[in-house]
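A.B. asks: Quick one: the structure is below, questions incoming.
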Amino acid sequence: MKPFIGVTCSMEADRSYYMTKNDNIKAIVRAGGIPVILPYVSKEIDIVQIAKQIDGLYATGGYDIDPTLFGEEPHRKLGTIIPERDHFEIELTKNILSMDKPILGVCRGSQILNLAAGGDMYQDIYAQKNDELLQHTQNSPRDHGSHFVQVFKNSLLYRLTNKEEIKVNSFHHQANRLVSKEFQISGIANDGVIEAIESKNHTFVLGVQWHPESMTDEVSINIYKHFIAACNRQ
């Protein structure tokens with residue numbers, strides 16, 4: 001049987017509807033999973049039930065994250081936040097981690113993963129990181145790899161890609177900063193921005209800062225293929 005993959009989704013600030021890019025759905029289906037889009041629930045008992053029912057969690061991209069969740073006031077460059085999404089995803093991620101079920105987080109999803117485990121993040125890399133940065137919000141088609149990521153050899157990401165350097169797309173202004181002690185950095189951009197994190201202790205927990213769902217290269221396909229394979233073993 002195909003595994004059921006919980007897919008997080010976004011909504012507009014007026015809370016009128018849920019939404020996710022079709023690329024997210026297609027990536028899960030192509031890799032052999034059944035995507036289940038998850039609405040926000042607030043009761044702990046409901047979040048636990050969702051965590052028990054799904055075989056893996058796919059935490060997608062979207063709007064910014066409430067900085068008060070990691071002890072900061074909002075920076076002037078902070079964008080739209082949806083508090084209900086932040087609460088739901090962090091609590092769900094904590095439950096999935098406690099059950100050692102597979103997690104794949106992309107862009108915002110990578111940051112949610114890190115926050116759920118006790119890390120923190122930049123609200124805006126251009127204002128808060130004192131380096132000459134690459135263009136991390138590319139002005140090119142979504143499926144185009146716009147910059148390189150160095151992959152650390154002793155990592156899950158390296159085992160999935162078998163490459164020390166990969167080319168990725170990029171659509172973000174936030175990024176992980178202090179990585180949870182439960183995780184390790186497995187990929188970094190040439191300007192020092194953290195591009196991939198993964199758990200030291202779980203079977204398959206990976207967060208990437210780019211959007212592999214919108215790419216069809218071998219690296220992107222392998223990330224989803226191995227994620228779904230890990231979910232199949234639940």
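Read-outs: derived from the displayed coordinates by stated rules, not from any lab. Note that the structure is a prediction, hence the values are computed from the model and not measured. Because the Cβ atoms are built from the backbone with ideal geometry, glycine has one as well, and the counts that use them run over all protein chains shown.
A.B. asks: Could you pull out every residue, at least 5 positions away or on a different chain, whose amide H is within less than 5 Å of the one on Val205? Hs are placed 1.01 Å off N in the peptide plane, and Pro or chain starts have none.
C.D. replies: Placed amide hydrogens put Ile103, Ser199 under 5 Å from Val205.
A.B. asks: Stretch Gln135-Gln49 to full length: gain in nm at 0.36 nm per residue minus the Cα-Cα span?
C.D. replies: Full extension of this stretch gives 26.9 nm more.
A.B. asks: Is there a pair in Lys52/Lys181; Lys43/Lys129; Lys21/Lys77; Lys21/Lys94 whose C-alpha atoms are over 32 Å apart, and which pairs would that be?
C.D. replies: Those over the limit are Lys43/Lys129.
A.B. asks: Follow-up question, since we're still on this one. Given a Förster distance of 35 angstrom, what is the FRET efficiency for Thr216 paired with Ala13, based on the Cβ-Cβ distance and rounded to 0.05?
C.D. replies: Working from the Cβ atoms, E equals 0.65.
A.B. asks: Debye calculation, C-alpha points only, no solvent: report log10 I(q)/I(0) for segment 110-234 at q = 0.23 Å⁻¹, in the same order as the q values.
C.D. replies: Result of the Debye calculation: -1.53.
A.B. asks: OK, next. Assuming R0 = 30 Å, can you tell me the calculated FRET efficiency for the pair Ala229 and Lys163, based on Cβ-Cβ distance, to the nearest 0.05?
C.D. replies: With a Förster radius of 30 Å, E is 0.95.
A.B. asks: Test of understanding: in a Gaussian network model of the chain with alpha carbons linked when under 10 Å, which of Gln174, Gln53, Gln184 would top the mean-square fluctuation ranking?
C.D. replies: Maximum among the listed residues: Gln53.
A.B. asks: Where both partners of a DSSP beta bridge lie in segment 4-232, what percent of those bridges are antiparallel, to the nearest 5?
C.D. replies: 55
A.B. asks: Find how much the distance from Asp100 to Ile37 grows on full extension, using 0.36 nm per residue of separation minus their present alpha carbon separation; answer in nm with one decimal.
C.D. replies: Contour length minus the Cα-Cα distance gives 20.6 nm.
A.B. asks: Ok, one more. I'm a student and want to see the number: the projected area of the Cα convex hull of the chain, averaged over all directions, in nm².
C.D. replies: For the Cα atoms of the chain, the hull's average projected area reads 11.9 nm².
A.B. asks: Under 22 Å from the Cα of Lys26, which lysines turn up, not counting those fewer than eight places away in the same chain?
C.D. replies: Counting by Cα, and skipping residues close in sequence, Lys26 has these lysines nearby: Lys2, Lys101, Lys167, Lys225.
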